[in-house]
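Read through the structure below, which is laid out as structure tokens, and then see the notes.
The values are calculated or read from the model by the stated rules, or taken from the named source; none is laboratory data. The model shown is predicted, which means the values in this text are computed figures rather than measured ones. Glycine gets a Cβ as well: all are built from the backbone with ideal geometry, and neighbour counts include every protein chain shown. Accessible surface is based on the protein model in full, side chains and every heavy atom, while ligands, DNA and RNA are left aside. Shrake-Rupley method; radii C 1.70, N 1.55, O 1.52, S 1.80 Å.
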Amino acid sequence: MAIIDDPFGTWEDAQSELQRNKVWEWYTGTLYNRVRPGKPIIVIQHRMHEDDLVGRLLAQQACGGDRWEVIELPAHIDNPPWPQRYDGAALARIRQNMDRRQWAALYMQNPTPEDGTFFKREQFELFDPSKVPACHKYQTGDFAVTEDGGDWTEIATHGYLNEDLYLAIEGWRGRTTADVWIEQLIDQAERQNPFAFFGESGPIRRAIEPFLTRRMQERSVFVPCEWLTRGKDKPTEARPLQAMAGLKRIKIADTEYGNNLLSQLLKFPAGKHDDAVDMAVLMAKAVHEAHPAIVKPKQAPPPPKWSAKQTINEMIQQHSRKRRGGEW
């Protein structure tokens, strides 16, 4: 049999995709083949990430993998599981003094609270994409080159009006090869006619840009492609989107695609998948950096500024016209 106790040494380890993959490779490649047939495996751990070892094992179970008996002990303040060690007052003090996401994971065994942490549910408004107001449209895409596994390619068209972002007026996601999602990008651009497309610079751009440009020319669908530099720290890159959400400037299409985006936002940065978030972040980044491709909405001319003397003279003229017209 096998007993695994705390497969991650620290919280930081569990937040690292590299470390999570190492733990998974150790479990499947080193430990699993040492367990004799019919003997149990016991895993003891705090939940630290949606994609931690327990998260992956439960995801496999949902797809027909090994069956697990789950014993979960959330630290409810009003009903502590071990009051002799941590009573309600102690748990309340701990919760008050620690990060909300860590509390949800380590103590409540829920690494992705439903109302969100980095983004919160109440910050977003859903909209009907068939009734979106006339606005400037833009496309963004987060590309993956793997097929049948790994990351997703996310492509969506958004609206920008009066400093509000209407995310995912139309969206597409898939795990497929570049030739397929390039056609999806162009199909969407043909339907939505965006001002520009924003993608991430780097190796994928260098690999696909010539083919994308050629296919646009062959299909006579022309969209300016702008490539934004992205840092390595995803939460830092997402700050512009977080700020706009905090100001209630983000609206999300009430569609299957839009709700998947919302789900990823509420789980960010602890979610297993964040490709849709990366795609939306590119749009907020372009707005935040005042990218030249972002067309500024036309502003109404300011009202005339009247001096007190001008205002009085205008009133006198109006009064005189009324008297001449026989109104008074």
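Just one of the numbered conditions (1) assigned to a helix (DSSP H, G or I); (2) out of contact with any Gly (no Cβ under 9 Å at 6 or more places or on another chain) is not true of LEU185: (2).
Only one of the numbered conditions (1) part of a helix (DSSP H, G or I); (2) loosely packed, with under 15 Cβ neighbours inside 10 Å; (3) out of contact with any Ser or Thr (no Cβ under 9 Å at 6 or more places or on another chain) is violated by GLY150, and that is (1). For region 113-147, taking the residues that are of a type in the set (S, T, N, Q) and crowded, with 21+ Cβ neighbours inside 10 Å, the one that is nearest to GLU170 (Cα to Cα) is identified as GLN139.
Once region 25-75 is narrowed to residues that are in a loop (DSSP other than H, G, I, E, B) and among the basic types (Lys, Arg), the residue that is least open to solvent (accessible area, probe 1.4 Å) is ARG47. Among the residues of region 256-278, some residue qualifies, meaning at least one is over 21 Å from HIS49 (Cβ atoms) and among the charged types (D, E, K, R).
If a residue must be over 22 Å from ALA238 (Cα atoms) and either at pLDDT 95 or above or in a helix (DSSP H, G or I) (or both), how many such residues does region 104-126 contain? Write out each step before concluding.
Going residue by residue through region 104-126, those that are over 22 Å from ALA238 (Cα atoms) are 106-110.
Then keep just the ones that are either at pLDDT 95 or above or in a helix (DSSP H, G or I) (or both); that gives 106-107.
Final tally of qualifying residues: 2.
Going through (1) more than 23 Å from ASN162 (Cα to Cα); (2) charged (D, E, K, R); (3) within 19 Å of the chain's Cα centre (by Cα) one by one, ARG249 falls short only on (1).
Filtering region 215-226 for residues that are among the hydrophobic types (A, V, I, L, M, F, W, C), in a helix (DSSP H, G or I) and open to solvent by 30 Å² or more (accessible area, probe 1.4 Å) leaves an empty set.
Is one or more of the residues making up region 203-224 closer than 28 Å to PHE119 by Cβ, touching a residue at least 24 places away in the same chain (Cβ under 8 Å) and touching a Leu at 6+ places or on another chain (Cβ under 9 Å)?
From region 203-224, those closer than 28 Å to PHE119 by Cβ are 204-205; that's our starting set.
When the remaining residues are screened for being touching a residue at least 24 places away in the same chain (Cβ under 8 Å), the result is 204.
Then keep just the ones that are touching a Leu at 6+ places or on another chain (Cβ under 9 Å); that gives none.
No.
Residue by residue through region 241-253, note down the ones that are outside any loop (DSSP other than H, G, I, E, B) and surrounded by fewer than 18 Cβ atoms within 10 Å (Cβ to Cβ).
In the first step, residues of region 241-253 are kept if they are outside any loop (DSSP other than H, G, I, E, B); the result is 241-246, 250-253.
The answer is ALA243, GLY246.
Identify all residues within region 184-206 that are open to solvent by 70 Å² or more (accessible area, probe 1.4 Å) and either over 10 Å from CYS225 (Cβ atoms) or out of contact with any Phe, Trp or Tyr (no Cβ under 7 Å at 6 or more places or on another chain) (or both); write none if there are none. Across region 184-206, the qualifying residues are GLU190, ARG191, ASN193, PHE195, PRO203, ARG206. With respect to being in contact with a strand residue (DSSP E or B) (Cβ under 6 Å, 6 or more places away or on another chain) and either open to solvent by less than 90 Å² (accessible area, probe 1.4 Å) or of a type in the set (Asp, Glu) (or both), ILE155 fits the description. Among the residues of region 144-160, those identified as modelled with pLDDT of 95 or more and either more than 23 Å from GLY246 (Cβ to Cβ) or of a type outside the set (Gly, Ala, Ser) (or both) are THR153, GLU154, ILE155, THR157, HIS158, TYR160.
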